[in-house]
1. Out of all the residues in region B:108-144, which are part of a loop (DSSP other than H, G, I, E, B) and either within 16 Å of ligand 4 (Cβ to nearest atom) or farther than 18 Å from B:LYS279 by Cα (or both)?
2. Are any of the residues in region B:67-88 of a type in the set (Lys, Arg), more than 16 Å from ligand 3 (Cβ to nearest atom) and touching a His at 6+ places or on another chain (Cβ under 9 Å)?
3. Can we say A:ASN209 is touching a helix residue (DSSP H, G or I) at 6+ places or on another chain (Cβ under 9 Å), within 16 Å of ligand 4 (Cβ to nearest atom) and in the same structural domain as A:MET54 (by TED's automatic domain parsing)?
4. Looking at region B:1-26, which of the residues that are within 24 Å of C:LEU24 (Cα to Cα) and loosely packed, with under 15 Cβ neighbours inside 10 Å is modelled with the highest pLDDT?
5. From B:ALA132, B:ALA244, which residue is small (Gly, Ala, Ser) and either assigned by TED's automatic domain parsing to the domain that holds B:SER266 or buried (at least 24 other Cβ atoms within 10 Å of the Cβ) (or both)?
6. Here's a check for you: in region C:38-61, which residue that is in contact (Cβ under 8 Å) with a residue 24 or more places away in the chain, more than 7 Å from every other protein chain (Cβ to nearest Cβ) and under 15 Å from A:TYR45 (Cβ atoms) is nearest to ligand 1 (Cβ to nearest atom)?
7. Can you name the helices (runs of 4 or more DSSP H) wholly within region B:40-106 that have at least 1 residues being crowded, with 24+ Cβ neighbours inside 10 Å and either without any contact (Cβ under 8 Å) to a residue 24 or more places away in the chain or touching a Phe, Trp or Tyr at 6+ places or on another chain (Cβ under 7 Å) (or both)?
8. So which residues in region B:105-138 are hydroxyl-bearing (Ser, Thr, Tyr), more than 16 Å from ligand 3 (Cβ to nearest atom) and within 11 Å of another protein chain (Cβ to nearest Cβ)?
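The values are calculated or read from the model by the stated rules, or taken from the named source; none is laboratory data. Quick caveat, the model's predicted, so the values are computed rather than measured. FYI the Cβ positions are ideal-geometry reconstructions off the backbone, even for glycines, and counts take in every protein chain you see.
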Amino acid sequence: MSTDITEEPTGQAGDRPPGRRSFSVVGKRSRKYDWHAKLTGQAKYADDLSLPRMIYGRLLRSPHPHARLLRIDTRKAGALPGVFAILTGQDLPTKYGILPSSQDENALAIERVRYMGEPVAAVAAIDEWTAEEACRAIEVLYEPLPPVMSIDEALADETPKIHDWTRDRNIQKEVLLEFGDLEAGFAEADYIFEDEYFFEGNTHVPMENHAVVADWAANGHVTVWSSTQTPHYLHRELAKVLELPPSRIRVIVPPVGGGFGGKSEAFSHEIVAPVLSRLSGHPVKICLSREEVFYCHRGRHPVKMWIRTGVKGDGTITAMDFSSTLDGGAYGSYGIATTYYTGALNTLPYEVPRYRFRGRRVFTNKPPCGPKRGHGTVQPRFAIEAHLDRVAENLGLDPAAMRGHILVKPNTWTINHLRVTSCGLGDAIEAVIERSDWTRKHGRMRHGQGIGLACSVYLSGAGLPIYWNPMPHSGAQIKIDRGGGVTVYCGTSDIGQDSDSMLACVVAEELGVDLDAIHLVTGDTSLAPVDLGSYSSRVTFMAGNAARQAAAQLRARLMDVAAETLEVPTDRLAAAGGIIFDRQDTARQLPFDEAARLAEARFGTLGAVGSYTPPRLAGPYKGSGVGPSPAYSFTCAAAEVEVDTETGELRVRKIWVAHDLGRALNPTVCEGQIEGGVYMGWAEATIEEQVFRKGLHKQPSLLEYKIPAAQDTPDIDTVMIESDDPEGPFGAKEVGQGPLAPVIPAVTNAVYDAIGIRLTSTPITPDKILHVLEARRKRASAAV
Amino acid sequence: MALLAEHGTDAMLMAGGTDLLPNIKHRVATPEHVVSIRDLPELQGFEVSEHGATLGAGTRLSRLEHDPQIRRVYPALAESASLISVPQVRAVGTLGGNICLDTRCNYYNQSYEWRQAIGFCMKRDSPICRVAPGGDRCWAVASADTVPVLIALRADVEVVSGHQERVLPLEAIYQDDGLEPTTLTFGEIVQGIKIPPPHGYVTVYQKFRLRQSFDFPLVGIAVSIRSDISGIVAEARIVMTAVASYPERAEPAERLLVGAPLTEESILAAGNAVFRQAKPMDNTAGTIFHRKRMARILVERALRRIAQLPETMQRVS
Amino acid sequence: MKALHDLRVNGETVQVAFEPYKTLLEVLREDLNLTGTKHGCELGECGACTVLIDGEPVMSCLYLGVEAEGRDIETVEGLADRGEPSLLQHAFAETGGAQCGYCTPGFLMSATALLRRNPEPSRDEIKQALSGNLCRCTGYIKIFDAVELAARRGEGREH
Ligand SMILES: Cc1cc2nc3c(=O)[nH]c(=O)nc-3n(C[C@H](O)[C@H](O)[C@H](O)COP(=O)(O)OP(=O)(O)OC[C@H]3O[C@@H](n4cnc5c(N)ncnc54)[C@H](O)[C@@H]3O)c2cc1C
Ligand code: SF4
Ligand code: FES
Ligand code: FES
């Protein structure tokens, strides 16, 4: 069922399952919903907004990675002309955090600062220069404490504690999960392999820096425009910290200039802006500088990993023991979930009958880590896939064939209670093998050139919400007007992944209208029903299903009146392109707008709501909340590399990727997501790293934190596999995150194929390559 | 010029501003006044032929990169310009600005708040160097791409101040001091450079950086060789950028090359000499280990290109 | 100290008062409300702020507003002709060259300049011309596709 649409500009989606009506919008390459605004400079991102009388806010940040905050004196700053308001930690004492179990942050630090860049005070002033001056005029007295900058330091016996409440050194959380009889599994194995890996931290770097505009109106109502992926959670946190009834707060998401996980919880600037607005009586804008975005971080955790696997001679896994230690930075953020994620999906996409996972997260004096594209699953995927490459080699098996042989089957459960429904990974592996010419290349290229392959799996939305509640994860509301216009209300936040186009596509398909007829109201906590946010690749599956459910109700009403008017039974009717027609006699037609008017006369105002709540899938054990998803996406990637063995430079020539996304609702958008994910994975594999020196972020700039540019980027060959998920909207699963993960081990394995040395840490820099080559040369000459 | 005199040391010259403006934003440069020399007619000279070149300091990098005459007569210069930063910067950045580029260091090219957090450094606002805290000097790195090529081409620089004009070898305006990388005195303006005819010389530039655009060199090597009819090297210049506070001549390697033909052996020997000489500090991207090796490899590759030997001798490992 | 300046933006001369230390980026966004030009670093390290000055792509965050006086400034807002997007803008919409769209104005300006200079660029020439614009969403491929598509349809040839 693999459908390659890369060469077909007006491609159709894949084979139709029997009995399914054909699609009129789904599977078509169409422009994104807001293409016009985004291509003409009219789209207003948060920092493009300007309200009358608006003033500017700025945060003063800690220069110390770890210090006691003894005194803050804001008098001088407050006396500067043009300064309207100043806040310090005492003004906002309520702690918050994205996870109910980690309510450990203050908008402005109180008593202690835990990373360089942590906000300690906030100023609102007539312009940005004055706000900056005022920040410099705030006098802060610190008592520096020894900083803890790595996992090893955090676990040292005499380590200073970053949070007083941790019981054992700086360990925030330890988890242990065991499924099946591990001992028996290893006893059954023909071979046992053991390896260690380190994944270096890195960060999201959306091109748009975070920005917020807040307006505290005279009636006590607060409006916050923010570049956030999670307006609903921001709404909740604002209500909590500002101690306001949520009904008085409205969060609006303007177009967001990229997120990748970096804008998915409340940040200090979002909390202080409304308060500064209240104090000053002016709307307040805060736009972070690029450097400040590096301090917000919440990016990929550095993780140390250990893995032990028992296998049969044919590669079948008999047992897997995996442990991870995450460097969490200074606060909880999503970290406990991340910790679980470094273990939860390791029983996929291969059959793992017995499994143990031990994970822990430590605090360090660095900006907090959190979720980045592939949240917590990318690091273990690197380890497992590099490890399996070694396993295959030792067993004398082709690593691609071995993977194909040990795959999970569709419609099964894993040992840790994950439900697998559709799975197109077998097709994906085949597509990659064929398109990359794998068999002719692997192990057969000249020294310095190589090819490597890896697979991965990701969620189509977390099965459980972040805070426990029995309500839907997504809601949508649709109204149809008398001119046949369809307006969809949904709280989704479009961060560039094109959730807006997804909603338009699903509703247009269901109602049989053209995309042009659809209007959207999204990213607004007052106007649209809740959607939990753009994280865990949940939006297409959940908001898509909610919108489809609402649309289906309206469709039924329209079909009723159409059946009556056209005098044909409803089951003979179809709708497409704004026409409802008889499938057997297509000349019998009723225009959509006409049907809408008839239906309104018959049923009253045409509106409907839909919701989506995932099936209850969590297993009967503590910690089972992380991992379940209504569906999983699967990816296979191969990378061909060239290593300059003289300079250590690594060039990735081409990456082939095949991704099982269920259904490509809009192939152009889906390919774009895949290519973007592959690009990001390749960058993590080869160049990106967030490193610290002397307690400071070493390179908080776009010049020194290297995100690759046009000439650096390899060629990418994309195949979309349509496994038609039984529960996804029109069969769709996810495409935004999954394709990143396999690229990193694919590159690593390709480097092995090229130079015969396995690198066990990311990123694979020229420096590392030269080190290992030189070490090998020395060993060789010593042996002579 | 008059403006400079009027505002004294509170004023700084700005040509393209692509180096100065980031430095002002980082508050490592804090001039009260900026005197724009972008369009000063005296700096716009541009004459190139087989008989040599006179290039005004105001020449845009994009012109150096694209001008057909430069590409024909001084291809290494065009190449070095094309490897600077990105097209948007080359469209406004100038030759003069590149020659007078401030030295760089990743403790220095940071925001005010970042530098304050580390306690500032000797190059600005503190007596201590963060790279070599025990020492009494600054090791910030000379990072211009065109300069090593110009020195390899034996260019002279024309410096004017008021009514004075002096012409001296370009090399002579640099000194091994991260704080004051040039010997130009206040009020002196680089008017342009003069490059002797290229006849008989083959010049090559090699740059190493992590990305193919945006990035400053982590090592850059310019090599210029003149050989006699029998293939014996008569003159050799090797100039390194980004490994010291000034564009450093690799004289030991040059001496090894002169008087013998370019062979794989002599090239490896020159590479070794450069490897021993290059002493990068840990204040740029990349690592010392790797940059030192890159210096060797780049010089070898440049020499092989000149000798028309196969470009890469893959060290079989 | 603010002073009045005449700036020629997208073919129209406007009179605007701003301080001499303001960058062209700030003048466009803050004083002319032309917020289509974006910023990602304000240090010349991303290309989001790219505009054309006398037809050449320039980073407006590294260019003083006062120095733009007397020159032709073009921004993304000027690419459409009486509301009709340029062939390049259409091509970006079709190939999916814009995802979050934040880098897009910068890319459009660099690519517009390229196609005017070279209406039939090779992919390498496209990469080279766009090497000063960072995009974090697309992996660049659909951007290259867009420029090629626009070139095939004749963008740049009318100039
Ligand atoms: C992102 C980025 C990447 C870069 N990458 C590179 C790179 O890879 N390689 C590289 O070499 N450069 C690089 N640069 C630096 C810079 O763009 C170039 O060196 C450029 O040539 C500087 O020229 P300018 O005219 O813009 O200099 P300006 O900023 O105008 O001036 C630089 C300095 O020289 C002085 N000056 C200028 N002209 C004269 C003159 N005629 N006489 C006396 N003093 C003068 C100024 O007072 C100032 O101190 C990069 C810059 C950026 C922003
Ligand atoms: S080398 Fe030392 S003194 Fe010079 S800029 Fe760097 S830290 Fe400062
Ligand atoms: S904002 Fe100008 S280059 Fe980044
Ligand atoms: S489309 Fe988002 S940064 Fe390029």
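1. B:TYR108, B:ASN109, B:GLN110, B:SER111, B:GLY119, B:PHE120, B:MET122, B:LYS123, B:SER126, B:PRO127, B:ILE128
2. Taking every residue of region B:67-88 in turn, none turns out to be of a type in the set (Lys, Arg), more than 16 Å from ligand 3 (Cβ to nearest atom) and touching a His at 6+ places or on another chain (Cβ under 9 Å).
3. Considered against the rule, which asks whether it is touching a helix residue (DSSP H, G or I) at 6+ places or on another chain (Cβ under 9 Å), within 16 Å of ligand 4 (Cβ to nearest atom) and in the same structural domain as A:MET54 (by TED's automatic domain parsing), A:ASN209 comes out as yes.
4. Step by step, filter region B:1-26, then rank; the result is B:ASP10.
5. After applying the criteria, what remains is B:ALA244.
6. My answer is C:CYS49.
7. B:75-82, B:87-90
8. Result: B:TYR107, B:TYR112.
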